[in-house]
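Participant: Following this message is one structure expressed as structure tokens.
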Amino acid sequence: MPPTPPTSGSTRSAAVLNALIRGFWSHPDKRLDAAERAEYAALVTDWAIADAAERRRGDVVKAA
């Protein structure tokens, strides 16, 4: 299971948060328990905040 994320306002990049989010889906049939769902939701929220901040700063590099 991925490490417990800090509360919203994380200083981690969107890419790091995305990797942590992907870690929850190690198997297509995996179901998350209540604690994992809460952790996943917090990561998704932090990712959205980080992604928006990076886009505002122009940190996002366009994919080739």
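What follows draws every value from the coordinates through simple rules; no lab data is involved. Computed from a predicted structure; not experimentally measured. Note that each Cβ is placed from the backbone with ideal geometry, even for glycine, and that neighbours are counted across all protein chains shown.
Participant: Which value in nm describes the separation of the simple spin-label points at F24 and A38, placed 7 Å from the Cα toward the beta carbon?
Facilitator: 1.3 nm
Participant: Hey, another quick one. Using a Förster radius of 22 Å, what is the FRET efficiency between T11 and R31 based on their Cβ-Cβ separation? Nearest 0.05, please.
Facilitator: For R0 = 22 Å, the calculated efficiency reads 0.10.
Participant: Could you sort 17-24, 31-38, 48-55 so that the peptide with the highest average Cβ count within 10 Å comes first and the rest follow in order? Write out the running numbers ahead of the final one.
Facilitator: Numbers: 17-24: 16.0, 31-38: 10.8, 48-55: 14.4.
The peptides rank, most packed first, as 17-24, 48-55, 31-38.
Participant: Ordered by residue, what ³J(HN,Hα) values in Hz, to whole numbers, does the stretch 12-23 give under the Karplus form 6.51 cos²θ - 1.76 cosθ + 1.60, where θ = phi - 60° and Gly and Pro are x?
Facilitator: Listing the rounded values in order: 6, 6, 4, 5, 5, 4, 4, 5, 5, 4, 4, x Hz.
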